[in-house]
Amino acid sequence: MARRLINRHPGRMGIAYLGLLPFVILIFLYATGSALRLADNPGDKLLPGFPAIAEAIVRVAFTPDRRTGEIVLWADTAASLARLGMGLAVATALGLVVGIANGIIPYVRAGLSPLVAVVSMVPPMAVLPILFIVFGLGELSKVVLIVIGIAPFLMRDLQARAEEMPREQLIKAQTLGASSWQIVLRVVLPQMLPRLIDSVRLSLGPAWLFLISAEAIAAEGGLGYRIFLVRRYLAMDVILPYVVWITLLAIASDLLLRAVNRRLFPWLEAGRGM
Amino acid sequence: MARRLINRHPGRMGIAYLGLLPFVILIFLYATGSALRLADNPGDKLLPGFPAIAEAIVRVAFTPDRRTGEIVLWADTAASLARLGMGLAVATALGLVVGIANGIIPYVRAGLSPLVAVVSMVPPMAVLPILFIVFGLGELSKVVLIVIGIAPFLMRDLQARAEEMPREQLIKAQTLGASSWQIVLRVVLPQMLPRLIDSVRLSLGPAWLFLISAEAIAAEGGLGYRIFLVRRYLAMDVILPYVVWITLLAIASDLLLRAVNRRLFPWLEAGRGM
Amino acid sequence: MTQVTVRDVWKEYDGNVVIERVNLDVAAHSFVSIVGPSGCGKSTFLRMLLSQEIPTRGEIRVDGAPLPPEPTEERGVVFQRYSVFPHLTAAENVAFGLEVAASPLLGRLFGNRRRAVLEQCRAALDAVGLGAACDKYPAQLSGGMQQRLAIAQALIKKPKVLLLDEPFGALDPGIRVDIHKLMLKLFDETGMTVFMVTHDLREAFHLGTRLIAFDRYKTRPEEIGVYGATITFDLPLDRASAREKGEALDELQDKVAVQPA
Amino acid sequence: MTQVTVRDVWKEYDGNVVIERVNLDVAAHSFVSIVGPSGCGKSTFLRMLLSQEIPTRGEIRVDGAPLPPEPTEERGVVFQRYSVFPHLTAAENVAFGLEVAASPLLGRLFGNRRRAVLEQCRAALDAVGLGAACDKYPAQLSGGMQQRLAIAQALIKKPKVLLLDEPFGALDPGIRVDIHKLMLKLFDETGMTVFMVTHDLREAFHLGTRLIAFDRYKTRPEEIGVYGATITFDLPLDRASAREKGEALDELQDKVAVQPA
Amino acid sequence: QAAEKKDFKVAWTIYAGWMPWPYAQQAGIVKKWADKYGIAIELVQINDYVESINQYTAGKFDGVVMTNMDTLTIPAAGGVDSTVLIVGDYSNGNDGIVLKKGKSLKDIKGQKVNLVELSVSHYLLARALDSVKMSEKDVKVVNTSDADMVAAASSKDVTALATWNPQLAEILKTPARTLAYDSSKIPGEIMDLTVVNTQTLKDNPNLGKALVGAWFETMAIMSKDDAAGRAARTEMGKLSGTDLAGYDAQLKATFMFYEPKAALAHARSPELVKAMDLVRTFSFDHGLLGEGAKTKDAVGIAFPNGKILGDTKNVKMRFDDAFQQMAAEGKL
Ligand SMILES: Nc1ncnc2c1ncn2[C@@H]1O[C@H](COP(=O)(O)OP(=O)(O)OP(=O)(O)O)[C@@H](O)[C@H]1O
Ligand SMILES: Nc1ncnc2c1ncn2[C@@H]1O[C@H](COP(=O)(O)OP(=O)(O)OP(=O)(O)O)[C@@H](O)[C@H]1O
Ligand SMILES: [Mg+2]
Ligand SMILES: [Mg+2]
C-alpha cells in the first residue's frame, strides 16, 4: 500500500541530495545566464563568469593592497564585525536590562513599556539622517543605528518572556526570603539569558541590514562600504563574493550563538534526552 | 511593612501618567533643543520649532501640490501602502505555502529548508542591483525586495510552528481517514493561519524598512521617497511628521492584524475567559 | 469482532532494543489493559499497533491481514492529550472523520449534507454525555469532556481496534469514575477490541478483560539498550478469581510505580 | 507551633465575589485538607494565606499577628508545578533560601561557605530520598522527585505554615503512596501547620487532621459573582470515627467531582 | 568672540574634482600646510554626498566639498552662512544625459528620466530641455540613487537618465547608448567647490590659508604629465575606485583651475554671476530655497567685486577671492 505523502521520509543520502539540489540548480542557472550575457557583450559586468569572480576573490581576499598593505576583505570584515559586535553588545545589554525591568517591576513597566512599544515601530532608516546629525559620522552612529534598530525588539521580546515566567517561581522565591533584587539576579536573569541569546540570533539579520545601510552612507571601510563603493561601477565580480561572504558570516554567527546556548546553559538541554 | 518592588503596582491613573511621562519629556527636550538652535540661527532647519512643523504638516497633508494637484502626504501614503500591501500579500502567501509544506512533508523539507535557511541569511540590500536588473526599476522590484526580505522569515517561522504541532493531531487525523492533502487543508492550515498573522505582525517592521530603502533608491512617490528627497535640503519639518506618520501607520497595522486574529479565530481566545 | 496477533515483534531505536520477543494473541472483543514501568515501551507497542512505528522484526496481524504501513481508519486512537482539534467545535471534531470520507478534495461538506452529518454527530456526542457542548471549542471543555470528545471522534469511524494511551491519566479521580462507566458501556455496545495503556492498576483491573504487563527482565544499567522489555505478565481478568486479582495487584504494585532516575 | 485565625474573610475580583464569610480557627500543628469543586476558590484562599492576594474584607492572623502584605519566609509553599527553579540543580534549589539569607547583595555564596551550605542541603535532600539526585537539574527528575525537591526546598527555611496547592495532582497513583508517607513523616517531625488543597478525597482523608470543604451555596447561573463560596463542611479527622469518615466521604464524593461547563 | 580653534574637520566625497583632497591628505600636503599655520585639519570621507552636506549644515564640519547649486540650496538656504574658498573646477562633460532609445535630445519627450532629483543632474536636465524648447512637463522624473544608477541603467524599463561620472562613463560603456547632452554645453554652470563656514573662516583665517595653500600645491603636482603627476593621479583614481586611465578620462571632462590665477579670474568674471543667476532661478522654481522664499531673491549671493545677487540683508553664500589672491601672489 502506498503511504501518505506526510509519512514518506527520504533517507540520509536523499536528504543530502535533495538539500543540495536547489543550490546546484541556482549555480547552473547563474552560469547559463552569465554565459548568455557575456556572449552578447563580453564587457558585461552584471553576471560575471566564474573565472572573473575567482580573479576578483584572489584580488580582494589574498592580495595585500599596495598602498596600505592590508588585505581588503579582511580589513573590511574586521571593521564590520567590530561595529556589529559593538552594536549587538550594547543592544543586548539594553535589551536585557530594560526587558527584565519591564517584565518584572510593575512601576518600570508602566513607565517604559509604552515608550519601547512606540519606538520599536519607528522605522530606523527614516531617522537615519537624524542619527547622523546627533551622533556624528564616526563609529558611534553606526553602532547607534544597530542599537536603535534591534534593541526595542530585544526589549519587547525579553519583556514578554519575563512576563511569561511562571508566577509560581517568583512567589516561591519570595517565600524563600529573596528580595526583589535577589529574585532578578538569581531567578529571572539566569533564565532569561538563553532566551536573550535566542532573540539575538533572530536579530542578526536586521543587525547586518542596519550595519550595511550605515556603512553605505558613511564609512572608511567595512563590508557594506565596499559593496556600496563598487556598486557605482556595477562590479558584480566583487559584490557577489561579498554577499556570499556576509551570508556565511551570518550563518556562522548564528551557529556560534546556538553553540553558546548549549554550552552555557546545560539545564536547558537536560532532560531532553530522557 | 514596605513591599518588595516587584509587588508594588501603580494604580490606573499611575499607569497612564507614567506611560505618558517619557513622551512628555521627549517633547520637552525637543522643544528646548529647537529653541536653543533657533535662537542661534533663525534659519536652522535641523530642529524646526512646532509652528514650522505645523505649517509643514498643513502644507503636505492638507494643501494640494501646485504642480500635480495631489495632496502630497496622501499620495505618498497611498503609493507606499499599495507597495507594502502587495509585498506583504505575496510574502504571506509564499510563507504559508512553503512553510506548511516544509513543516509537514518530509520530502519537501529535505529539498527546500536548507535553501530557505541560507536565503534568509542573505542581506537583501546587498543584492539590490541584481533585483533592479531582473525585475526592473518599477513597482515590481520594490515589491520583490519586501518579499525577499520577509518571506524567508515567514517560511521558517511557519515551518517551525508546523513542526511544533502535536504529532498526535496528525496521527489522529490519519486514523480518521484523512489524506495528506486533507490533513494540510483541514488540520494544519486552519491552525497555522493565526500564527501566520502573528508572524506577519512581527515582519511589519522589516517590511517598512525594506519599503523605505527601496523607495529611497528609485521611486516617483511614496513615504520613503519623500523622506529621502527632502533630506536633500534638510527639511526636518517634513521628515519629522513623516516619521511620526509612518510610526502611526505601523502601529495601526499592528493593531489591525491583532484584531483580525481575534475576530477570525474565536477558538484561540475560547477558554481564556474560563 | 476483531482478532489481533502479534508474532515475535522487536523494536529498536538507533540500535537500542526497546521491545523484544513480544508474542500475543488477542481474542475478538477483548479489552487489553497494558501496564508497566515508565519508559519500558508501552507507548511504543501501541504505536506499532497503530502503524505509527514499524516493528524492526516480527509481524502484527489484524483479523489475519498484516498491518498496512501507516495509520488507517480501522484502528482508532485516543491519546492522553492533543487528541482533538482545537480549532473545531465538538460537533465539527466528530464530523471530521465523516467529512473527509465524503469529500476527498476539500475534506469538508456544505449545506444539507453538512447539516445531516452534524446531526449524526450530535447524536454521537449525546451518547458520550456531551450533547450540550456540541458548539463549544475544546479549550472551553474540561479535561474529562475533552477525552469524551476524543472517544466519540474515534468511535464514529467504527474502528475495529481502539488504542488508548493513558487516556484518563490527566483527569481528576472523581471524573475518572464516570468515564470508566462510559468506556465499559461503549466497549459492550461496539464489539471492538481495545488496547489501553495505563499507570493506574485499579483502572487496569476495572476495565480490562485481560491484563498484560511489560517489563525489562534485565535492568542493570549496562544492559539497557541491549535487552528490551517484553511481556512479563499476562492475566485473563474475565476468568480470574478475586484472590488471583488481589495477588496480581500486589505483585504489580511495585513494578508499575518504578520511575526512571 | 503555629495557630492560624481567619476572621470573616471575603474576596472579590472586579466586583465578583469568589469567597465570602470565611471563618476558621486552626490549632497549632494541624494538617488542614481543603477540598471543593473546581473554581470554587480553594487556590484563592491559599493565595490569601500566602499574602499573594489581599482579602477584600476580613483578616487573617498567624500566631496572633496580622499577615504581612506580601509572601514571607514564615509561610512556605509547594505548587502543583513550577515550584522549583529549572536552572538550578537539586542541591542549588534547596540552597537558594539559605544563600539569599546569607548574601543580601549577590544572593549567592562562594568557596567554603557555599560548600558548607550545599552539604547541609545534601542532608535535606537525603531526608526526602533525593540524596542521589543532588546534582541533577529538575528536568532530569521525574514528577514525583520534583515535588519532593520542592518540599525540601520549602522546609529548609523552617516555615511556620506550609501551603500546598494540589501538590501531588500531577503524579501517578503509585508514586503518590510514597510521597504521602514522606509528607506524614515530615509533618510529625517539624510541628508546622499545613494547608493542603486536593481533588483526591482519599488523599485528603489520609493526610489531614482536619478536613474543610469549600462550596457555593447558591449555584444558579445568575447568582454566580454575587454570592461566593464559603466553608460548607468542617470535620476534625483525628477525632472522627471510621463511620463518620465514611459518611463524609460519601457526602463529598459528588461535590468535589463537579466540573464547570 | 569665538574661542580660539585649532582643529578643523572638512568632509569630502568621491568625485573626480575632489579627489585631490584625499590625495593631499595622504601625501602629507594638508598636514604640511596646517602645521605651517599652527592648526590641524582632518579630511573625512563620507560615502553619501547629501549626508556630507547635511552634516556640514548641521555644524558637524567646518568645511565640505559640494556643487554651487547645493551650496545655495542646502546650507545657504538653511541659514548657514557659507564661503566658497575654492572653485576647483567646473563640469565640462562630467555630467550628462543618456538615452537608450532615440538618437537626439528631442527624443526624450514623454520618457521617464532617472536621476537624482533636485541635484545638478536635475539642473542639467532642465537646461537641456530649455535648449530644445521643452520643459519638465514633457518628461517624467524618477528619483534614483546615484550609487544605483549603473544598475538602473541595465534595467529594461529605464530608457533615459541623467547622472555624473564615474557612473556616466560606466553606463556609456555598454553599446547602443547615446550621450544626448552633457555639461560641456553649459560650461561654468556646474561648479565643484570647497566651502567653509563663513563665521569659522572669519575667526580663523589660517584655515583658509592652509586649505588654499594645500590645494594649489596639489594642483601643481597633478597637472604635470611627469612621473610625480601620474603617480598622484593614479592614487586619486584608486581612491575613487578606478585606475589612471579611468581617472584621466574623467579629468578630461572636468575643467580644472590648476593655476591660482585662472581660479582668480574665474571668481571675478561676470560669467560666474550669470551662472549663479541661472542656478538660483532653477532652485527657486523647484522650491529648493525653502517654502518661506517668496522670490528667487530670498537668499543673497555675494561676489568678489562687491556685486550681490538677491537679498542684500540675507547674504548666505559668498564667493571669496582673498585667499586665491594670496596664492596667486605667492604670499601663502
Ligand atoms: N522515536 C524514538 N527514538 C528513540 N528512542 C525512543 C523513541 N521513542 C521512544 N523511545 C525510547 O523507547 C523507550 C520506550 O518509550 P515509550 O514511550 O514507549 O515508554 P512508555 O512505556 O510509554 O513510558 P511512559 O509510561 O513514560 O509513557 C524509552 O526509553 C524511549 O526513550
Ligand atoms: N486574578 C483573578 N482575577 C479574576 N478572577 C479570578 C482570579 N483568580 C481567580 N479568579 C476566579 O476565582 C474563582 C476561583 O478560582 P480558584 O483558582 O481559587 O479556584 P480553585 O478552587 O482553586 O479551582 P481548581 O480546583 O480548578 O484549582 C474562579 O472563578 C476564577 O475564575
Ligand atoms: Mg507512554
Ligand atoms: Mg486551584
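Going 7 Å from the Cα of E:Lys101 in the Cα-to-Cβ direction, what parts of region E:115-139 have a backbone nitrogen less than 20 Å from that spot? Under cut-off, by backbone N: E:115, E:129, E:134-139. For E:Thr254, the amide hydrogen comes within under 5 Å of the amide hydrogens of E:Asn92, counting only partners 5 or more places away or on other chains and with H modelled in the peptide plane.
Counting only other chains, and only Cβ atoms inside 10 Å, what mean value do you get across the residues of D:67-73? Intermediate results must be reported in sequence, preceding the final value.
Numbers: counts 1, 3, 5, 10, 11, 5, 5.
Mean number of neighbouring Cβ atoms from other chains: 6.
Taking θ as phi - 60° and the Karplus parameters 6.51, -1.76 and 1.60, the scalar couplings of region A:114-127 work out to x, 4, 4, 4, 5, 4, 5, 8, 6, x, x, 4, 6, 9 Hz in sequence order, x denoting glycine and proline. Plainly put, the protein assembly as shown has a radius of gyration that is 1.06 times its Kirkwood radius, both from alpha-carbon atoms, as the Rg/Rh ratio.
Shielding value for D:138-146 is 4, the average number of Cβ atoms from other chains within 10 Å of each residue's Cβ. Between region E:86-103 and region C:131-157, the C-alpha centres lie 78 angstrom from each other. Packing around the peptides E:7-20, E:70-83, taken as the average count of other Cβ atoms within 10 Å per residue, puts them in this order, highest first: E:70-83, E:7-20. Once the Cα atoms are used to define both axes, helix D:111-127 deviates from the longest principal axis of chain D by about 50 degrees. A cut-off of 5 Å between modelled amide H atoms, ignoring neighbours fewer than 5 places along the same chain, links D:Phe31 with D:Val194, D:Thr209, D:Arg210.
Between region E:138-163 and region C:68-129, the C-alpha centres lie 60 angstrom from each other. The angle between the Cα long axis of helix A:139-164 and the main principal axis of chain A comes to about 40°, on a 0 to 90 degree scale. The ranking of B:Phe50, A:Phe132 by Cβ neighbour count inside 10 Å, starting from the fewest, reads B:Phe50, A:Phe132. Taken over region E:100-259, the alpha-carbon convex hull comes to 143 cubic angstrom per residue.
Counting neighbouring beta carbons within 10 Å and listing from fewest to most, the residues C:Arg115, E:Arg268 come out as C:Arg115, E:Arg268.
Sum -39500 (n - 2.57) across every DSSP H segment of at least 4 residues in the protein assembly as shown, then divide by the residue count to get the 222 nm mean residue ellipticity, nearest 500. Can you show the working numbers first?
Values: 52 runs with 723 residues, N = 1402.
Helix-only estimate at 222 nm: -16500 deg cm²/dmol.
Divide the volume of the convex hull around the Cα atoms of region B:1-76 by the residue count and you get 174 Å³ per residue. Across region B:179-186, rounded Karplus estimates of 3J(HN,Hα) from the backbone phi angles (6.51 cos²θ - 1.76 cosθ + 1.60, θ = phi - 60°) give 7, 3, 4, 5, 5, 4, 6, 10 Hz, Gly and Pro being marked x.
Taking only the C-alpha atoms of region D:84-158, the Rg (one decimal) and the largest Cα-Cα distance, Dmax (whole number), read 11.4, 34 Å. Averaging Cα coordinates gives a centre for region A:111-148 and one for region A:218-248; these two points are 24 Å apart.
The base-10 log of I(q)/I(0) for region E:192-321, evaluated at q = 0.18, 0.21 Å⁻¹, reads -1.09, -1.21 [Debye formula, identical scatterers on Cα atoms, solvent excluded].
Farthest toward the dipole's positive end in region B:12-122, which of B:Thr32, B:Ser120, B:Leu81, given Cβ charges of +1 (Lys, Arg) and -1 (Asp, Glu) about the Cα centre? Result: B:Ser120, furthest along the dipole toward the positive end.
Expressed to the nearest 5 percent, the antiparallel share of DSSP beta bridges inside chain E is 55 percent. Distances between equivalent label points of A:Leu255 across the copies, with each point positioned 7 Å along Cα→Cβ, amount to 4.6 nm, shortest listed first. When A:Arg167 is represented by a point 7 angstrom out along its Cα-to-C-beta vector, the spacings to that point in the other copies are 3.4 nm, nearest first.
For E:Lys6, the aspartates and glutamates whose Cα comes closer than 12 Å to its Cα, not counting residues fewer than 8 places off in the same chain, are E:Asp35, E:Glu42, E:Asp62, E:Asp203.
Dividing the mean sequence gap of close Cα pairs (under 8 Å, 6+ apart) by how many residues chain C holds gives a relative contact order of 28 percent. For region D:204-228, the residues whose backbone nitrogen is under 16 Å from a point 7 Å from the Cα of D:Leu184, taken along Cα to Cβ, are D:204-211. Rg to Rh ratio, chain A, alpha-carbon atoms and Kirkwood radius? Reported Rg/Rh, Kirkwood definition of Rh: 1.07.
Angle between the Cα long axis of helix B:12-40 and the longest principal axis of chain B, 0 to 90 degrees, nearest 10? It works out to around 40 degrees.
Taking the DSSP beta bridges in region D:167-244 as the whole, what percent of them are antiparallel, to the nearest 5?
90 percent
Across chain E, Cα pairs under 8 Å and at least six residues apart give a relative contact order of 25 percent. When each full DSSP H helix of chain E is screened for a Cα extent of at least 15 Å along its own axis and an average Kyte-Doolittle hydropathy of at least 0.5, the helices passing are E:205-223. Shown for D:Leu237, B:Leu20, D:Leu24: other C-beta atoms within 10 Å of each C-beta, ranked fewest to most, produce the order B:Leu20, D:Leu24, D:Leu237.
Return the equivalent ellipsoid semi-axes of region A:181-274 as a descending list in whole Å, where each equals the square root of 5 times an eigenvalue of the C-alpha gyration tensor.
Values: eigenvalues 288, 53, 11 Å².
Working through the eigenvalues yields semi-axes of 38, 16, 7 Å.
Relative contact order, percent, of chain B when contacts are C-alpha pairs under 8 Å separated by at least 6 residues?
22 percent.
Peptide packing for A:69-79, A:34-44 was compared via the average number of neighbouring C-beta atoms within 10 Å per residue; ordered from the highest value, the list is A:69-79, A:34-44. Here the Karplus curve 6.51 cos²θ - 1.76 cosθ + 1.60, taken at θ = phi - 60°, turns the phi angles of region C:137-154 into couplings of 7, x, 4, 8, 9, 6, x, x, 5, 4, 5, 4, 4, 4, 5, 4, 4, 6 Hz, with x standing for Gly and Pro.
Dimensions of region D:154-251 based on its C-alpha atoms, expressed as ranges along the principal axes with the largest first, amount to 46, 34, 27 Å. Using alpha carbons only, the radius of gyration of chain D set against its Kirkwood radius gives Rg/Rh = 0.99. Note on E:Lys238: aspartates and glutamates with a C-alpha under 12 Å away, same-chain residues under 8 apart excluded, are A:Asp65, E:Asp248. The amide H of D:Glu12, built 1.01 Å from its N in the peptide plane, has D:Val18, D:Thr56 as neighbours under 5 Å, considering only residues 5 or more places off or on other chains.
Over 19 Å apart at the Cα level, from the set A:Lys142/E:Lys60; E:Lys261/E:Lys331; A:Lys45/E:Lys106; E:Lys109/E:Lys294, are A:Lys45/E:Lys106; E:Lys109/E:Lys294.
Restricting attention to the protein assembly as shown, close to 55% of DSSP beta bridges with both partner residues there are antiparallel.
Rule-based calculations on the coordinates, nothing more; no lab input. It should be emphasised that the depicted structure is a prediction, and the values quoted were computed from it without experimental measurement. Ideal geometry is used to build each Cβ from the backbone, glycine not excepted, and the neighbour counts take in all protein chains shown.
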